[in-house]
Amino acid sequence: MEPGFCHSIAPMVDLAGILRPGDGIVWGQACAEPQTLVEALVAQRAAFSGAHAFLGVSHSGLVKPEHADHLRLASYCGTGANRALADAGVLELYPVPYSQLGGLFERKSIPCDVVLLQVSPPNGRGEYSLGLAVEYLAPALKAARAIVAEVNHRVPWTHTEPLLHRKDFARIVETSRDPVYMSYRTGETELAVARHAAAFVPERAVLECGLGQLPNAVLGALTERRGLRVHSGAIPDGVAELHRCGALTGEIHGGALMGTQALFDWARENPQLRLHSSDYTHGAAQLARLERFVAINSAVEIDFTGQVNAEVARGSYVGAVGGALDFIRAANQSPGGVSLVVLQASRIVEKLSGPVATPRSEAGVVVTEKGAADLRGCTLRERERRLRALSGSS
């Protein structure tokens, strides 16, 4: 198939021969979503009514509230198109740190009988790469009874752990369609936040970059640095740019590529890039080995004591506990490390409108377009003074 050719062959994919009523179904998130297989899943859902479907971050919008007539939907997040599912009351949510997801699959707390997987074409050794993401798919693959693969010729072969072979798949569907893309913008606000945040990144830092425009923008302010390394859940476009600028050294460790075609082209057969299970990227034992670990994460809002809401905005579940708490704790314990929470100044509030995802005991440095407030070692009164000054609140 010619690159760029996009089609949907969902009616030709017979999932009913593999899926059973009540099965647990898991697939990759964000750019790693196997779109053709998910289209087939929702089209044929009546054939396996009562199946449990676990979604990660979704930007395709393929799963809609009306599909809950036969599918029981669950996720760890309300990000992207999941917000509509949560608002409709059809999405069950697991409010857990990302580091715990693997254990939930292993213990069958999250049902996982069949994995729908987007993979790259095989290399010369017959090895299929997971391409754009490993993360929670690694423990899910171990727990699953069957794997259905969408071999997408638009997906790059990358160094993933694991690599798979044809015998591992119960069924293979070949496609050539654009993956889901996640684009980034950098306006004046993002540039200002990035400039203030960069001052807290030491030389030879190990970087973690959370989801969103602001964390990616911070990476863009580090292009003149040298000797930086990456250990992150998400690998956005900014990491590829740092690599092209010569700012990075050593292997780049992550869980998922989340960005545009430029990122995927950079990642193709890149020997420095390694994509891992969430047990590795978010695991406490691995994170404890990192010095000068800098965690860069966004938030819905933060209150005057340093508590972070990363889940709910205006009554809608839009975020997650996610991996931020794993990384923030690691950064606070890392010699020479620091946790940076980046957000607009208007999101510094007196009282949170949602649950506490990161407790005030883990507060580090809060960065906005107006400047930064270092809360480390501060009393509650001093924290409030600094954050009020940063927000412009009297």
- [ ] Please report, as a whole percent, how much of the solvent-accessible surface of the chain comes from carbon and sulfur atoms (probe radius 1.4 Å).
- [x] 49
- [ ] Give, as a single signed number, the net charge of other residues whose beta carbon lies under 15 Å from the beta carbon of H276, with Lys and Arg counted +1 and Asp and Glu -1.
- [x] -2
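Take every DSSP beta bridge with both residues inside the chain and express the antiparallel ones as a percent of the total, to the nearest 5. Let's see the in-between values first.
Numbers: 12 of 65 bridges.
So the antiparallel bridges in the chain amount to around 20 percent.
Can you give the alpha-carbon Rg of segment 1-132 over 2.2 N^0.38 Å, where N counts its residues? Mind dumping the intermediate values first?
Numbers: Rg = 15.0 Å, N = 132, 2.2 N^0.38 = 14.1 Å.
Here the answer is 1.07, to two decimals.
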TODO: May I ask you to derive the relative contact order of the chain, considering only C-alpha pairs under 8 Å and at least 6 residues apart, and to give it as an integer percent?
DONE: 15
TODO: Hey, can you grab everything whose amide H is under 5 Å from the amide H of E150? Only 5+ residues off in sequence or another chain; H modelled, so Pro and N-termini drop out.
DONE: L117, Q118, V119, V173
TODO: Write down the accessible area per residue of the chain in Å², having rolled a 1.4 Å probe over the full set of protein chains.
DONE: 39
Task: Longest to shortest principal axis, alpha-carbon extents of segment 116-183, angstrom - done: 33, 25, 21
- [ ] Please turn the phi angles of segment 317-330 into ³J(HN,Hα) values with the Karplus equation 6.51 cos²θ - 1.76 cosθ + 1.60 (θ = phi - 60°), one per residue in order, whole Hz, x for glycine and proline.
- [x] 7, 10, x, 5, 5, x, x, 4, 5, 4, 6, 4, 4, 5
- [ ] Specify the residue with the greatest mean-square fluctuation among R360, R229, R314, computed from a Gaussian network of the chain linking alpha-carbon atoms under 10 Å apart.
- [x] R314
Task: Relative contact order, percent, segment 90-175 [alpha-carbon distance under 8 Å, six or more residues apart] - done: 32
- [ ] Whole Å is fine, so just give me how far the alpha carbon centre of segment 273-293 lies from that of segment 329-394.
- [x] 24
Task: MRE, 222 nm, helices only [DSSP H, n ≥ 4, -39500 (n - 2.57), over the chain, to nearest 500] - done: -6000 deg cm²/dmol
Task: Summed residue charge, Cβ within 13 Å of V115's Cβ, Lys/Arg positive, Asp/Glu negative - done: -3
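Taking R0 as 45 Å, what FRET efficiency do you get between D14 and R274 from their Cβ-Cβ distance, rounded to the nearest 0.05?
Details: r = 35 Å, r/R0 = 0.78.
Taking R0 as 45 Å, the efficiency between D14 and R274 is 0.80.
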TODO: Could you pull the Cα extents of segment 67-162 along its three principal axes, largest to smallest, in whole Å?
DONE: 47, 28, 24
Open item on the list: Please compute the Kirkwood hydrodynamic radius over the chain, one decimal place, Å, based on all pairs of different Cα atoms.
Closed with: 21.3
TODO: Considering Cα pairs under 8 angstrom that are at least six residues apart, work out the relative contact order of segment 266-394 and quote it in whole percent.
DONE: 26
TODO: Quick one: compute a quarter of the convex hull surface over the Cα atoms of segment 198-326 and quote it in nm².
DONE: 8.7
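Quote to one decimal, in nm, the extra length available between A262 and E224 on full extension: 0.36 nm per residue of separation minus the C-alpha distance between them. Before the final figure, lay out each step's value.
Working: separation 38, 0.36 × 38 = 13.68 nm, distance 2.05 nm.
Computed gain between A262 and E224 is 11.6 nm.
When the Kirkwood hydrodynamic radius is evaluated over all pairs of different C-alpha atoms of segment 283-394, what value in angstrom, to one decimal, is obtained? Mind showing how you got there, number by number?
Details: mean 1/r = 0.0714 Å⁻¹.
With all distinct Cα pairs of segment 283-394 included, I get 14.0 Å.
Using only the alpha carbons of segment 251-336, what is the convex hull's orientation-averaged projected area in square nanometres? Mind dumping the intermediate values first?
Numbers: hull surface 30.2 nm².
Here the figure is 7.6 nm², rounded to one decimal.
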Task: Paramagnetic reach from R166 (point 7 Å along Cα→Cβ, amide N under 19 Å) across segment 27-51 - done: none
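The values are calculated or read from the model by the stated rules, or taken from the named source; none is laboratory data. All values derive from a computational prediction rather than experimental measurement. Here Cβ is always computed from backbone atoms with ideal geometry, including for glycine, and neighbour counts include all displayed protein chains. Each accessible area value is taken on the protein alone, full model and side chains, heavy atoms only, with ligands, DNA and RNA left out. Shrake-Rupley method; radii C 1.70, N 1.55, O 1.52, S 1.80 Å.
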